[in-house]
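K.L.:
Input: one structure, supplied below.
The values are calculated or read from the model by the stated rules, or taken from the named source; none is laboratory data. Model, not experiment: these values are computed from the prediction. Counting neighbours? That spans all protein chains shown, and the Cβs are built from the backbone with ideal geometry, glycine included. Surface accessibility is based on the protein's heavy atoms, side chains included, excluding ligands, DNA and RNA. Shrake-Rupley method; radii C 1.70, N 1.55, O 1.52, S 1.80 Å.
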Amino acid sequence: MLHHPLLCASRTATQSTLCAFVFSGTGNVLPGRNSLAGNFGLKFSKQMSGSKLNYSQTREGFKLRTTNANANAYGHAQEEVLKEEAIEVVENRPSWETSPGQAFPLGVSQVDNGINFAIFSQHATAVTLCLLLPERGSIDTLDGGMIELALDPHSNKTGDIWHICIEDLPRSNVLYGYQIDGPQDWGTGHRFDRSIVLVDPYAKLIEGRRYFGDISRKLSKFLGTYDFDSLPFDWGENYNLPNIAEKDLVIYEMNVRAFTMDESSELDNNIRGSYLGVIEKVTSVLSLGITVQYGVSMIPHLLELGINAVELLPIFEFDEMELQRRPNPRDHMINTWGYSTINFFAPMSRYASAGGGPANASQELKQMVKALHSAGIEVILDVVYNHTNEADDPNPYTTSFRGIDNKVYYMLDDKGQLLNFSGCGNTLNCNHPVVMDLILDSLRHWVTEYHVDGFRFDLASILCRGTDGSPLNAPPLIRAIAKDAVLSRCKIIAEPWDCGGLYLVGSFPNWDRWAEWNGKYRDDIRKFIKGDSGMKGSFATRVSGSSDLYRVNKRRPYHGINFVIAHDGFSLRDLVSYNFKHNEANGEGGNDGCNDNFSWNCGFEGETDDASIRALRSRQMKNFHLALMISQGTPMMLMGDEYGHTRYGNNNSYGHDSAINFFLWDQLDARKGDHFRFFSNAIKYRHAHKTLSHENFLSENEITWHEDNWDNYESKFLAFTLHDKSGGDIYLAFNAHDYFLKALLPTPPTKRKWFRVVDTNLQSPDDIVLDGVPGIGETYSIAPYSSILLEAKF
């Protein structure tokens, strides 16, 4: 039995069994190397020489201990792992020197005398550091045995932080986790189970299965790892951050994997669906020893479209196979969106190319950010600090926080049960001081290490709740993020609602820094364009910057993130093709997903060959996009809408790792000359005309409403002129009636005439002509369900 001389000397024989040194697995021992990987079992006795650990080995084979969650009075689910037979091995083991270590920084750090490990747990009574030294580059031994070092609460604990420093430990490729024991009283909120090896919340890299969606390793465990061997990433001498003003942003919401995973991307299989896949014509992957040149240009597509910021769906480590860990109606699905975080510091390791693992994932993410920045495109991360992957009490998936200190990391009711404001079974206790520090440290890490430009906070209203779940007027975390020096250059965007009913659109605590997803913009624009009555006034308010929501203190129009479409809900094409969601493929009987889509199928549900319906749908998609691009505020569009992607009516497609979510490059090619051309030119027109992106809210001198009948409930027509100081006025009109309307045009500025730039009723290329088409008279006949844009030019 291995006893740690510093940490276990004062323990009883029973207590010291926490330090058992056990191995199993399927890997091989490297000849001539002190690798601890392999399919074998060992039993050690100790010889003490000061603080030196000298191991003598006995030959003994035995079964791996089974790692089962303890059953309890509540009858909660158990996790099972297979027992594996161990074999004998004869090999001398290295000796390590240890010291108590230090409490900060949390996580793993390299110090002068070794590798330091530090983890917080306020209520733990015992903490054991578990180490696994696998064969380099292999994850096959992940479920094998580990070296277990029990930490002495007298010498290895400072306050609520447990720590140890180990000399001569390898500087990379060590896997580690913790077993933590504590009170077993569920009624007071504890969920300790020392049989589970837990992920360090501050781990900077996470090892798990190497390939996304690998069904053969769907029960793969996850452990922390580190890399102190790699050289610092070379950002380049001429590297600069884009630093785009918020008012000038055009955001493109996208999924890293889905962007290039389809075969139509023409990328090599090793690159598809990876961070490197996003980069234009990858020329080298030095970390894997591969030299390659691949075809389709990804970043040039973004530049041709005209966007200047990407908002990436979650790229923190998540388990895409979590839905398949137990029998359930959704166990056929793969979580491809990633809103189920395991760790808040580690990049998604399976977005590395060629199954390269966590260290390569980190390097390749930096390559992607660098390439995007070089193209003038900012990188905003969609971050999920409102809940974790650990689910609920009936079906727990304990990987980290739950087993480390459930009472600290999660919101609980007065009976010790998890509160669920996220709709995912648990709610992170964001305004607890320890959790708040974790979140702030995580955000700073992504800014300093990966140079990201901002964050969109999923279900951000949860971040405005106190430790008991009640709403706070001045949430400490929200203020701290707004005031933090490291985060001061970042865009910070809230999704200002949660699943507990805390709807804060227009009233999110902001300190004049926070922007918001403008859900009211989405709803009002949808209703007006599809022809709902009584929406003209609301439509006018939204396209002019939502001053009713954001004209408070020093807030600006750009603090409203305008969007019609986002990842959850219908795609733009589905918005004009379906009246009802069609989510049967999700396994929940069509009961999941939002019912209030404010969509209109234009006369037929789903796909159709009817030319008139297809033409109307095309017109409506252009109407939505034009409205988005001429609105004051910050526009955001969804990946795939530039070619008219369909999910066939599924408005909650998180679990489909398929063409339902993949960007289809062949369809883009087919629509380049019409649909894509319109979308791209509308974005470019916005960039070229600052009248469409004012710094401040519009004054009476900057907009004229051509309307004297605001109270007409049945009116579905709106026209207005945006005035330019140099005389380049822009006239806009939207007709949501089902009949033609003849609009009397205002007199253009002196010496200028109206030029037609957009008429969504016309076929490509006449539907948008950036230089404008002359010959516009005093009136203009506007077709049903169409819109026009005229510009005053010499």
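K.L.:
Can residue 628 be described as outside the structural domain of residue 738 (by the TED database), buried (at least 24 other Cβ atoms within 10 Å of the Cβ) and of a type in the set (A, V, I, L, M, F, W, C)?
P.N.:
Details: outside the structural domain of residue 738 (by the TED database): yes; buried (at least 24 other Cβ atoms within 10 Å of the Cβ): yes; of a type in the set (A, V, I, L, M, F, W, C): yes.
Yes; evaluated as a whole, the condition is true for this residue.
K.L.:
So if I check each of 789, 698, which one is at pLDDT 95 or above, open to solvent by less than 30 Å² (accessible area, probe 1.4 Å) and part of a loop (DSSP other than H, G, I, E, B)?
P.N.:
On the way: 789 fails: part of a loop (DSSP other than H, G, I, E, B).
Just a single option satisfies the conditions, and that option is 698.
K.L.:
Just checking: which of the helices (runs of 4 or more DSSP H) contained wholly in the stretch 512-608 hold 1 or more residues that are out of contact with any Pro (no Cβ under 6 Å at 6 or more places or on another chain) and free of Cβ contacts under 8 Å to residues at least 12 places away in the same chain?
P.N.:
Numbers: elements: 519-529, 536-543, 547-550, 572-575.
It comes to none.
K.L.:
Is it the case that residue 428 is in contact (Cβ under 8 Å) with a residue 24 or more places away in the chain and either open to solvent by 10 Å² or more (accessible area, probe 1.4 Å) or out of contact with any His (no Cβ under 8 Å at 6 or more places or on another chain) (or both)? Steps first, please.
P.N.:
On the way: in contact (Cβ under 8 Å) with a residue 24 or more places away in the chain: yes; either open to solvent by 10 Å² or more (accessible area, probe 1.4 Å) or out of contact with any His (no Cβ under 8 Å at 6 or more places or on another chain) (or both): no.
Taking the combined requirement at face value, the residue does not satisfy it.
K.L.:
For the stretch 444-463, name all the residues that are part of a helix (DSSP H, G or I) and within 19 Å of residue 364 (Cα to Cα). So that I can check it myself, show each step before the final result.
P.N.:
Within the stretch 444-463, the first condition is being part of a helix (DSSP H, G or I), and the residues that meet it are 444-450, 460-463.
Within the stretch 444-463, 445, 446, 447, 448, 449, 450 meet the criteria.
K.L.:
Among the residues of the stretch 751-786 satisfying the criterion of being among the acidic types (Asp, Glu) and part of a strand (DSSP E or B), which is least open to solvent (accessible area, probe 1.4 Å)?
P.N.:
Residues of the stretch 751-786 that are among the acidic types (Asp, Glu), as a first pass: 759, 766-767, 771, 778.
When the remaining residues are screened for being part of a strand (DSSP E or B), the result is 759, 771.
Values: 759: 12, 771: 115 Å².
For the stretch 751-786, the residue satisfying everything is 759.
K.L.:
Take residues that are surrounded by 17 or more Cβ atoms within 10 Å (Cβ to Cβ) and among the β-branched types (Val, Ile, Thr) and tell me which of the strands (runs of 3 or more DSSP E) falling wholly in the stretch 705-750 contain 1 or more.
P.N.:
717-722, 730-735
K.L.:
Moving to a separate point now. Picking from 429, 473, 406, which residue would you name as being modelled with pLDDT of 95 or more, outside the structural domain of residue 177 (by the TED database) and in contact with a Ser or Thr (Cβ under 6 Å, 6 or more places away or on another chain)? So that I can check it myself, show each step before the final result.
P.N.:
Working: 473 fails: in contact with a Ser or Thr (Cβ under 6 Å, 6 or more places away or on another chain); 406 fails: in contact with a Ser or Thr (Cβ under 6 Å, 6 or more places away or on another chain).
It is 429.
To keep it simple, each residue is scored yes or no on (1) of a type in the set (Val, Ile, Thr); (2) open to solvent by less than 10 Å² (accessible area, probe 1.4 Å); (3) at pLDDT 95 or above; (4) in contact with a Lys or Arg (Cβ under 7 Å, 6 or more places away or on another chain).
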site	(1), (2), (3), (4)
310	yes, yes, yes, no
318	no, yes, yes, no
324	no, no, yes, yes
344	no, yes, yes, no
356	no, no, yes, no
363	no, no, yes, no
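K.L.:
Here is a further query. Of a type in the set (Phe, Trp, Tyr) and open to solvent by 10 Å² or more (accessible area, probe 1.4 Å): which single residue out of 178, 202 fits that description? Let's see the steps before the verdict.
P.N.:
Numbers: 178 fails: open to solvent by 10 Å² or more (accessible area, probe 1.4 Å).
Selected residue: 202, the only one of 178, 202 that is of a type in the set (Phe, Trp, Tyr) and open to solvent by 10 Å² or more (accessible area, probe 1.4 Å).
K.L.:
Sort through 178, 252 and tell me the only one that's touching a helix residue (DSSP H, G or I) at 6+ places or on another chain (Cβ under 8 Å) and closer than 15 Å to residue 116 by Cα. Even if it seems obvious, please write down each step before you answer.
P.N.:
Numbers: 252 fails: closer than 15 Å to residue 116 by Cα.
Only one candidate passes the filter, namely 178.
K.L.:
Among the residues of the stretch 181-198, write down those that are open to solvent by 30 Å² or more (accessible area, probe 1.4 Å) and in a loop (DSSP other than H, G, I, E, B).
P.N.:
183, 184, 185, 194, 197, listed by residue number.
K.L.:
Restricting the search to the stretch 464-491, which residues are buried (at least 22 other Cβ atoms within 10 Å of the Cβ) and assigned to a strand (DSSP E or B)?
P.N.:
Once the filter is applied, which keeps residues that are buried (at least 22 other Cβ atoms within 10 Å of the Cβ) and assigned to a strand (DSSP E or B), the stretch 464-491 yields 465, 491.
K.L.:
Is it true that residue 623 is within 18 Å of residue 770 (Cα to Cα), open to solvent by 20 Å² or more (accessible area, probe 1.4 Å) and not in a loop (DSSP other than H, G, I, E, B)? Before you say what the answer is, go through the steps one by one.
P.N.:
Working: within 18 Å of residue 770 (Cα to Cα): yes; open to solvent by 20 Å² or more (accessible area, probe 1.4 Å): no; not in a loop (DSSP other than H, G, I, E, B): yes.
In short, no.
K.L.:
Hey, another quick one. Is it the case, given these coordinates, that residue 453 is over 22 Å from residue 182 (Cβ atoms), among the acidic types (Asp, Glu) and open to solvent by 10 Å² or more (accessible area, probe 1.4 Å)?
P.N.:
Working: over 22 Å from residue 182 (Cβ atoms): yes; among the acidic types (Asp, Glu): yes; open to solvent by 10 Å² or more (accessible area, probe 1.4 Å): no.
No; evaluated as a whole, the condition is false for this residue.
K.L.:
Separate question: What number of residues in the stretch 365-405 are among the hydrophobic types (A, V, I, L, M, F, W, C) and part of a helix (DSSP H, G or I)?
P.N.:
Narrowing the stretch 365-405 to residues among the hydrophobic types (A, V, I, L, M, F, W, C): 365, 368-369, 371-372, 375, 377, 379-381, 383-384, 391, 401, 404.
Now narrow it down to the ones that are part of a helix (DSSP H, G or I): 365, 368-369, 371-372, 401, 404.
Residues that pass the stated criteria total 7.
K.L.:
May I pose another question? Is one or more of the residues making up the stretch 229-245 in contact (Cβ under 8 Å) with a residue 60 or more places away in the chain, open to solvent by less than 40 Å² (accessible area, probe 1.4 Å) and under 21 Å from residue 313 (Cα atoms)?
P.N.:
yes
K.L.:
Also: Testing residue 699 on (1) within 30 Å of residue 336 (Cα to Cα); (2) small (Gly, Ala, Ser); (3) free of Cβ contacts under 8 Å to residues at least 40 places away in the same chain, one condition comes back false. Which one is that?
P.N.:
Of everything listed in (1) within 30 Å of residue 336 (Cα to Cα); (2) small (Gly, Ala, Ser); (3) free of Cβ contacts under 8 Å to residues at least 40 places away in the same chain, residue 699 misses just condition (1).
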